1. In segment A:207-228, what residues are more than 34 Å from the chain's Cα centre (by Cα) and buried (at least 16 other Cβ atoms within 10 Å of the Cβ)?
2. Can you tell me which of (1) within 15 Å of B:ASN66 (Cβ to Cβ); (2) of a type outside the set (Gly, Ala, Ser); (3) at pLDDT below 90 is the one B:LYS249 doesn't meet?
3. Would it be correct to say that A:GLY184 is within 30 Å of A:LYS259 (Cβ to Cβ), within 28 Å of the chain's Cα centre (by Cα) and surrounded by fewer than 14 Cβ atoms within 10 Å (Cβ to Cβ)?
4. From the list A:LYS101, A:LYS193, pick out the single residue that is surrounded by fewer than 15 Cβ atoms within 10 Å (Cβ to Cβ), of a type outside the set (S, T, N, Q) and modelled with pLDDT of 95 or more.
5. Give me a count of the residues in segment B:209-219 that are modelled with pLDDT under 90 and not basic (Lys, Arg).
6. Scan segment A:104-121 for residues that are loosely packed, with under 13 Cβ neighbours inside 10 Å and facing chain B (nearest Cβ under 9 Å) and jot them down.
7. Could you list, in sequence order, all residues of segment B:59-71 that are open to solvent by 20 Å² or more (accessible area, probe 1.4 Å) and at the interface with chain A (Cβ under 9 Å from one of its Cβ atoms)?
8. Of all residues being of a type in the set (Val, Ile, Thr), at the interface with chain B (Cβ under 9 Å from one of its Cβ atoms) and in contact with a strand residue (DSSP E or B) (Cβ under 7 Å, 6 or more places away or on another chain) in segment A:60-74, which is surrounded by the most Cβ atoms within 10 Å (Cβ to Cβ)? Just the residue, please.
Amino acid sequence: MIKTVLSLCTSVLLVISLVSCGGVSLPTVEESNKNIDFYKGQIESLEKTIELYKPSFQATNNIVLHVKTSAFNKLLRKLSDNKREDVIINFLQTKPLLSQKKSILGISYKNYLDIDTGYVKMDLTKLRFIEFFGQEIKALIEIKGSGKIKVSGKYTGIPATTAPEVSLYLMDTVSFDLVPSFSGHIMLTPKPKKLMLKTKIKIKLLSWKIPWYQEIPLELTEILDPVAIPAAVNTNIKFPLPSGTKGKKGVEYVPYTVKFSNISITALKEIIEYRTDIELIK
Amino acid sequence: MRILFFMMMLFSTAFLFNGCSIIKKIAGADIDPEEFDAHRKAKMYEIRHNSMMSLSQRLLDSKPVNDADIVFYLNEDFLIKILSQFIGARGILDESTTYIINDVLLELDYGSALAHFEIEAYNESYDINVDLKLDCIISLKIDKDELNLLLEPFNISPDVDAGGILSSSEDLIRDLIKINLADIGKSLGQTKLPIDLKNSLDISSNKAEVRSKVNLDFTIPDWKMDYSFKLREVLIFRDAMILALDLNKSEVR
């Protein structure tokens with residue numbers, strides 16, 4: 001009886017010890033293989049669907065960036081809709097702006113008009129990209145404004161001054177070359193072009209009424225430098241590498257420079273494509 | 001009395017020693033490399049399946065994939081270059097165990113991107129090295145206007161190809177496998193990708209002097225515009241990861 005009780009207790013203890021053995025519980029090999037077979041079948045049919053509907057692209061460079069031209073135009077519209085002064089025209093002294101030689105009863109005299117000073121604010125009312133081809137983009141630009149200038153002169157020998165209204169207007173298409181840069185920007189370099197600033201002044205000096213109109217040529221490359229548009233890629237990053245210092249868990253951020261190479265930019269039908277390879281340098 | 005004393009001794013002995021160690025020595029090894037390998041493979045298939053299912057449902061949606069304002073295509077080589085920076089990195093698993101990352105393999109598939117780390121752990125107490133495989137899901141996350149690549153460990157297992165050494169380090173392996181994967185994940189950190197979600201467009205001021213029939217200065221003042229993008233979606237294919245972003249805010253300063 002005692003021997004039986006003893007054996008029973010020993011077995012119970014052994015069982016408890018076995019059960020208390022906390023190992024890592026895994027499915028059996030057979031169970032895992034069964035799961036693998038199930039998923040394999042499902043994956044085959046999913047692959048077919050994906051192959052049929054996946055978008056086509058050529059990711060031959062490390063980074064390929066497609067920017068919709070409509071996205072560019074959204075930004076440009078923000079610029080043109082903004083109520084700040086976009087262009088400032090300072091009229092400097094111009095002597096004479098107009099001059100007329102007259103004679104009455106053999107007496108000669110000169111009517112003349114000078115611009116003394118003037119300040120006009122112009123507003124950019126339209127700026128958008130309209131054509132894209134290869135390495136070139138065409139944009140439509142419209143600027144308009146009006147203001148007052150101070151003029152003085154003589155009419156029939158009588159000096160006078162007045163402040164007539166001047167209106168200015170410019171609308172034209174301009175072209176930019178798309179140039180890649182190694183700093184992660186898309187450079188828009190304006191192509192040389194003479195833009196005509198249409199200038200209209202309705203002058204009334206005493207009883208002298210002069211509608212004055214002039215087209216003033218402006219060289220585009222003189223009023224606009226190449227513009228660097230960020231291609232949303234960075235040249236500096238920090239890598240979180242595990243801290244190998246004893247007693248110190250966590251990460252240490254190591255700075256790296258991103259070097260760009262094999263860069264190309266192309267204007268396609270409705271997108272601008274920017275391609276680059278990268279090299280990470282510690 | 002003698003019987004009672006004997007029973008008490010038996011109880012105490014059982015609890016005094018680690019029950020597992022005693023039983024292991026009697027019953028043999030409790031780590032089956034084949035089980036680990038099969039389980040690991042099954043997990044990979046499960047992840048691949050679930051990811052493919054999501055991607056397939058997305059593609060069947062009528063909305064075009066490349067309809068976003070900006071689309072980035074990051075190819076396989078780009079991701080390999082990012083992950084390669086971890087090779088040779090050393091970290092800490094616990095007070096007596098350090099590790100070195102010997103290799104990282106990228107597995108890009110439809111809907112999923114996985115990183116397989118081959119790490120060698122060294123335990124000071126046991127004075128041995130153990131080869132482990134750490135499998136992570138690669139995902140992207142936006143944190144404070146930065147686009148980050150995250151490595152989320154989902155599996156750690158002994159490297160069955162290493163063979164031999166397993167039998168002498170089972171206790172260590174068991175302990176390593178039970179390590180909190182979230183802790184390892186933190187030591188891998190999040191890598192900020194070289195993609196800027198916040199940008200600034202600066203057009204510098206310029207002046208043209210006209211000296212002809214009219215004298216005037218034509219001046220364009222500085223134009224500054226800040227703009228940012230928001231991530232619409234990330235889609236993973238076998239040769240590239242596609243990031244679709246939309247213009248979010250823009251402001252002229």
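The values are calculated or read from the model by the stated rules, or taken from the named source; none is laboratory data. As the structure is a prediction and not an experimental result, all values here were calculated from the model. Reconstructed Cβ throughout: ideal geometry from the backbone, glycine too, with neighbour counts over all protein chains shown. To get the accessible areas, we keep the full protein, side chains included, count just its heavy atoms, and leave off ligands, DNA and RNA. Shrake-Rupley method; radii C 1.70, N 1.55, O 1.52, S 1.80 Å.
1. At the first step, the residues of segment A:207-228 found to be more than 34 Å from the chain's Cα centre (by Cα) are A:207-214.
Selection gives A:TRP208, A:ILE210, A:TRP212.
2. Status for B:LYS249: all satisfied but (1).
3. Working: within 30 Å of A:LYS259 (Cβ to Cβ): yes; within 28 Å of the chain's Cα centre (by Cα): yes; surrounded by fewer than 14 Cβ atoms within 10 Å (Cβ to Cβ): no.
No: the conditions fail for A:GLY184.
4. Values: A:LYS101 fails: modelled with pLDDT of 95 or more.
Being surrounded by fewer than 15 Cβ atoms within 10 Å (Cβ to Cβ), of a type outside the set (S, T, N, Q) and modelled with pLDDT of 95 or more holds for just one of A:LYS101, A:LYS193, which is A:LYS193.
5. Filtering segment B:209-219 for residues modelled with pLDDT under 90 gives B:212-213.
Going one step further and asking which of them are not basic (Lys, Arg), we end up with B:212.
Count: 1.
6. none
7. Of the residues in segment B:59-71, the ones open to solvent by 20 Å² or more (accessible area, probe 1.4 Å) are B:60-64, B:66-67.
Within segment B:59-71, B:LEU60, B:PRO64, B:ASN66, B:ASP67 qualify.
8. Just the residues of segment A:60-74 that are of a type in the set (Val, Ile, Thr), to begin with: A:60, A:63-64, A:67, A:69.
When the remaining residues are screened for being at the interface with chain B (Cβ under 9 Å from one of its Cβ atoms), the result is A:60, A:63-64, A:67.
Narrowing the set further to residues that are in contact with a strand residue (DSSP E or B) (Cβ under 7 Å, 6 or more places away or on another chain) leaves A:63-64, A:67.
Details: A:ILE63: 26, A:VAL64: 22, A:VAL67: 21.
Result: A:ILE63.
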